[in-house]
Amino acid sequence: MEPIAVSIEETGKALSLGRTKIYELINEGRLATFKVGRRTLVRVESIRALGERCSDTS
């Protein structure tokens, strides 16, 4: 089964970006997140959508 959400660190690795840029994308509404306790998790579908939007503009 594929995960529906990953950590900020895993998101950074997937996108080859640092934590600061990941938080910028979250604050801009370009990555969808939710909290579980104190952890912020990023929805995998929003990571894919971001990648598709970026590749469409290239």
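The values are calculated or read from the model by the stated rules, or taken from the named source; none is laboratory data. These numbers were taken from a predicted model, which means no experiment stands behind them. Methodologically, a virtual Cβ is constructed for each residue, glycine included, from the backbone with ideal geometry; neighbour enumeration extends over all protein chains shown.
Of note:
- Residues located in the chain, provided they are aromatic (Phe, Trp, Tyr) and in contact with a strand residue (DSSP E or B) (Cβ under 8 Å, 6 or more places away or on another chain): Phe34
- Against the numbered list (1) at pLDDT below 95; (2) under 11 Å from the mean Cα position of the chain (by Cα), Glu2 comes up short only at (2).
- For the stretch 30-55, the set of residues classified as under 10 Å from the mean Cα position of the chain (by Cα), part of a loop (DSSP other than H, G, I, E, B) and not basic (Lys, Arg) consists of Leu31, Ala32, listed by residue number.
- Filtered residue count, the stretch 5-29, keeping only those that are modelled with pLDDT of 95 or more and part of a helix (DSSP H, G or I): 15
- Looking only at residues in the chain that are touching a residue at least 40 places away in the same chain (Cβ under 8 Å) and acidic (Asp, Glu), the one that is surrounded by the fewest Cβ atoms within 10 Å (Cβ to Cβ) is Glu2.
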